[in-house]
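Here is the structure we will look at.
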Amino acid sequence: MFEDRLRRALLTASHETAKVALLYLDLDRFKHVNDTLGHPAGDELVRQTAARLQQAIREVDTVARLGGDEFAMILIDVDDIRGAEDVSEGLLQKLQEPFKLADDQVFVSASIGIALSTGPDADADDLLRKADIALYEAKKNGRGRYQVFAGDMDDLLLRKRQVESELRHALNGGTGIKLAYQPIFAADGSTILGAEALIRWGHEVHGGLPPAQFIAIAEERGMIGQLGKWVLQEACRFAVGTELPWVAVNVSPLQLRDAGFAEQLAAVLAETGLAPGRLQLEITEGVLLDNNDTTRTALAALRRSGIAIVLDDFGTGYSSLNYLRRHAIDKLKIDRSFVNLVGRDESSAAIVRALVDLADALNVGVTAEGVETEEQKALLVAMGCREFQGHLLSLPLEPAQLLRLAGLLPGKDSTPAAVSA
């Protein structure tokens, strides 16, 4: 019925000046309600949401549930995009009111994608596609908001698909993907305690693509498992052939949500021969905030096997001390945004000092990221920090350069050229 009404609305609009607006609406973090309150509560939330949506639109318009927590609204006789935006703002306000689910009061938000018919040749499938793209952009840009489809979103989608295809090729025997290693130093500035593996992709056309860019595409397109496994295999193979105490690998939250991740990692360690105690996994605070059973079970299993869990970019996210206690992290990494202001901003220095004291109280290690000056390093040492990472000490290095710097590989150059950060 929804599809039939959309096509009829577009056909009618093609003979008139008014336009048709299509709104895609998706509840934010609906899965969290199901996980914490149960599926009956999730079902009731969907029913109450549907009722609110029906109350917020005109009788001539259409609201439909497409599946799960996804809804669509067809607004007819819309003069311009402002009319669709006004409706979207009203919907978001309506959904901000608390929901009563059994004995619980729940607050949720929603994201909305808006697409407006552009003329007599407007196509239903094309409008659906544009609304879906706009919805994705709304979620990516912070959730709890609406996003109007813009033409450059199509170009962005095409670029993402191209990068996805080329990344698959690179992982399946192509070239360009490699790891660099940034050493982590002791307080003396010369003893290398370990190294963080950092993925690099030298694209044939675009050159060095920023890791954050293609990792985000890998997560979006369902490739992060394959990419993450490749990084783990490469890092473990490298470490097992060296005398480095440990190697650290960044792990995506999506990898930890995979129920088979801990088993997959155990297979990688068995295949490469690397002892679990020589591997550290770096996670972000978002992993702790996610707080689902699969992630919690995976982290516990990994720690029991001897793998250390490191909380990266600490202080920039939303996790609480309760999450730190519950997940039993082995090390905190103080984000470079705080370290960069040490010596220049007293409030930042106070935060860093508090984070170091917190790590000491929790009996976990602490690493300062982004150390760029001798003054920063000296102040951090005085605060009690004992591990350092940053351009002052070394940029990311090629594997052979790292080993030469660590004195594990013979060579004339003791200060090798760094790999681009």
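The values are calculated or read from the model by the stated rules, or taken from the named source; none is laboratory data. None of the values given here were measured: they were computed from a predicted structure. Glycine gets a Cβ as well: all are built from the backbone with ideal geometry, and neighbour counts include every protein chain shown. Note: areas computed on protein heavy atoms with side chains; ligands, DNA, RNA excluded. Shrake-Rupley method; radii C 1.70, N 1.55, O 1.52, S 1.80 Å.
Taking each residue as 0.36 nm, the span from L358 to R143 lengthens on full extension beyond its C-alpha to C-alpha distance by 74.2 nm.
Converting phi to 3J(HN,Hα) with the Karplus coefficients 6.51, -1.76 and 1.60 and the offset θ = phi - 60°, segment 259-272 yields 4, x, 5, 4, 5, 4, 5, 4, 5, 5, 5, 5, 5, 8 Hz in sequence order, with x at every glycine or proline. Think of it as helices only: each DSSP H run of n ≥ 4 in the chain is worth -39500 (n - 2.57), and spread over all residues that comes to -14500 deg cm²/dmol at 222 nm. Compared with the direct C-alpha span, the chain from E271 to Q54 gains 72.5 nm at full extension, assuming 0.36 nm per residue. Spatial offset of segment 31-58 relative to segment 95-125 amounts to 12 Å, using the alpha carbon center of each. With contacts taken as Cα pairs under 8 Å and at least 6 residues apart, segment 223-345 reaches a relative contact order of 23 percent.
Looking at the chain alone, DSSP beta bridges between its own residues are antiparallel in about 60 percent of cases. Among the listed values [x] 1.08; [y] 1.17; [z] 0.98, the one matching Cα Rg over 2.2 N^0.38 Å as calculated from this structure is [y]. Taking all protein chains into account, the per residue accessible area for segment 1-104 stands at 56 Å² (1.4 Å probe).
Put simply, when 105-113, 1-9 are sorted by average Cβ atoms within 10 angstrom per residue, most first, you get 105-113, 1-9. The label point for Q96 and the one for T297, both projected 7 Å from the Cα toward the Cβ, are 3.9 nm apart. For segment 128-267, the solvent-accessible area with a 1.4 angstrom probe is 45 square angstrom per residue. Remark: segment 376-384, residue by residue, has Karplus-estimated 3J(HN,Hα) of 4, 4, 4, 5, 5, 4, 5, 7, x Hz, where x stands for each Gly or Pro and the curve is 6.51 cos²θ - 1.76 cosθ + 1.60 at θ = phi - 60°. Residues whose amide H falls under 5 Å from that of Y146, counting only those 5 or more places apart or on a different chain, are I112, with hydrogens built in the peptide plane.
Full extension of the chain between E89 and Q264 yields a length gain of 58.5 nm, computed as 0.36 nm times the residue separation minus the alpha carbon distance.
Using C-alpha pairs under 8 Å with a sequence gap of at least 6, the mean separation divided by the residue count of the chain gives a relative contact order of 11 percent. Of the solvent-accessible surface of the chain, computed with a 1.4 Å probe over protein heavy atoms with every protein chain present, carbon and sulfur atoms account for 50 percent.
Pairs of Cα atoms nearer than 8 Å and 6+ residues apart set the relative contact order; for segment 173-282 it is 24 percent. Partners of K31 within straight-line reach, counting lysines whose Cα lies under 27 Å from its Cα and excluding those fewer than 8 residues away in the same chain: K94, K100, K130, K139, K140, K160, K229. In order along segment 111-123, the phi-based Karplus estimate (6.51 cos²θ - 1.76 cosθ + 1.60, θ = phi - 60°) of 3J(HN,Hα) comes to 10, 10, x, 10, 10, 10, 4, 10, x, x, 9, 4, 10 Hz; Gly and Pro are listed as x. Of the GluC sites (Glu not before Pro) found in segment 56-161, those in coil by DSSP whose Cβ has at most 13 other Cβ atoms within 10 Å are E59.
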